[in-house]
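Here the structure comes first, spelled out in structure tokens, and everything after it is commentary.
The values are calculated or read from the model by the stated rules, or taken from the named source; none is laboratory data. Keep in mind that this is a model prediction, so the values were computed, not measured. Positions of Cβ are backbone-derived with ideal geometry, glycine not excepted, and every protein chain shown enters the neighbour counts. Only protein heavy atoms, including side chains, enter the accessible area calculation; ligands, DNA and RNA are left aside. Shrake-Rupley method; radii C 1.70, N 1.55, O 1.52, S 1.80 Å.
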2 protein chains.
Amino acid sequence: MPDPAHATSTDPASDTPADATTAAAASAPADAADTAATAPREAGGTRPPRSAATRAAILAAARDRFAADGYERATIRAIAKEAGIDPSMVMRYYGNKAGLFAAASEIEVHAPDLTHVPHDELGARLVRHFLERWESDETMTGMMRVGVTNDAGAQRMRKVFAEQIEPVLSAVCPVPEEAELRSGLIASQVLGMALCRYVLHIPPAVALSHDEVVAWLAPTIQRYLTADLP
Amino acid sequence: MPDPAHATSTDPASDTPADATTAAAASAPADAADTAATAPREAGGTRPPRSAATRAAILAAARDRFAADGYERATIRAIAKEAGIDPSMVMRYYGNKAGLFAAASEIEVHAPDLTHVPHDELGARLVRHFLERWESDETMTGMMRVGVTNDAGAQRMRKVFAEQIEPVLSAVCPVPEEAELRSGLIASQVLGMALCRYVLHIPPAVALSHDEVVAWLAPTIQRYLTADLP
DNA sequence: TACGCTTGCCAACAAGCGTTGACCAACATG
DNA sequence: CATGTTGGTCAACGCTTGTTGGCAAGCGTA
């Protein structure tokens, strides 16, 4: 019984056209054309240029709250308060909560170029990079926090994995066909350490220094990347 | 009439989480005269025997919903509906949502006795056991889902780690002082694979057979358990 | 029969949620 | 000046949440 299917109520991914009012805005998360929802009566056809400043402030606040509280506990009101504006502005700029989340969870792993790294240093290089990336801001922690409870978040993580992790490793994988498998194994160790260290705060995982984490995990990553298939 | 006791805090982790297990009694400090029905102080002599059947039904439903939806999306109403009783019964039996969660998250990892396992088979044995444990029911998946977003859940996971994982590994660890560190490393890999495989559903992690997971992870676990410190 | 205790349902409460529409201050342009 | 667009606030809506108090039915005992 592998799959705990829980595609239930408040799921920003399954924004089916059932709700006609929010469908248009939700499908256009970025600064795309929002049609009838926000410009109901005017037939001017003018594209309203919106204030980029508050828009960015909302996005920053949303990232912060989603990362700290997860999807359902991060309320629109709290995000608006942190951004210093009215909750209704959030709706006007991003349509609805799902649209805001879609925009806020657009993340960049910034995976490094590994093609010129000596092959026996790949593990250490990868571990150190992700360590720094995880601690640079709360984006990764937040994405994981949301990815675990919310299906749209999990989908985002799969997308990041497929588009940002896998290609980088595929470039240095001896057999490209095995890149997906090896990437999955590496992700399991890297995400697992991040989970224990940054989210669950399991004491021994928190106590490790950067160098210790690298010393322990790098051989594992190295083996997942280069060892023969079983 | 107004209830100021919990007006500010809807978070089960906000109050001192040490007494989370007795949240029902702990959450009613002073003005809770209404607890005459729900909080029988054991000094009375006769402990009111409550219907164990519905009590168990509630607990089973709660485990199910918490595991599937996480703490905040699992509503009392949904749990009661699944248990086939009225929502108010949940309150009468478990005090409040935090108390119900405390009772529902009382889990057993059933870590195996490793003292008679050959030392070079420890890794494989551990991986295989946890694989089966994770797939036997949704308890572990649910605990992780809750542990990531809710601080009370994270505390539960730390407790399980300290009381059920660490002792077992400490018994087979050559140097007992290193057991905590080595347990943390092992947890990072085991939980990481579980996260990718059962929660995030990252394709290559899902595609692996049991034997493949064991073949890949066992050497890692073995090394974390027995390798010299860096 | 009447009582007390337990078990349960019902209806309601206050609070908080996402979301909406009316209204207002600028301000550039006819 | 008048006017229309833009960025923003305010108050409310419908709904769901956790939670509570009152009341009805079962039942062993006096």
Checklist entry - Out of the residues in segment A:49-86 that are touching a Leu at 6+ places or on another chain (Cβ under 9 Å) and touching a residue at least 40 places away in the same chain (Cβ under 8 Å), which is nearest to DNA strand D (Cβ to nearest atom)? => result A:58
Checklist entry - If you scan segment A:105-125, which residues turn out to be open to solvent by less than 10 Å² (accessible area, probe 1.4 Å) and in a helix (DSSP H, G or I)? => result A:122, A:123
Next on the checklist: Restricting to segment A:130-152, name every residue that is over 30 Å from residue A:209 (Cβ atoms) and either polar (S, T, N, Q) or within 10 Å of chain B (Cβ to nearest Cβ) (or both).
Outcome noted: A:149, A:150, A:151
Item to check | Residue in segment B:192-230 that is nearest to residue A:220 (Cα to Cα), counting only those that are among the hydroxyl-bearing types (Ser, Thr, Tyr) and more than 8 Å from chain A (Cβ to nearest Cβ) | outcome: B:226
Checklist outcome for this item: Picked from segment B:200-222 (must be surrounded by fewer than 23 Cβ atoms within 10 Å (Cβ to Cβ) and touching a residue at least 12 places away in the same chain (Cβ under 8 Å)), the residue nearest to residue A:182 (Cα to Cα) is B:213
Checklist entry - Can you tell me which residues in segment B:194-224 are under 18 Å from residue A:159 (Cα atoms) and of a type outside the set (Phe, Trp, Tyr)? => result B:195, B:196, B:197, B:199, B:200, B:201, B:202, B:203, B:204, B:205, B:206, B:207
Checklist entry - Is there a residue being open to solvent by 50 Å² or more (accessible area, probe 1.4 Å), farther than 28 Å from residue B:199 by Cα and modelled with pLDDT of 95 or more anywhere in segment A:41-52? => result no
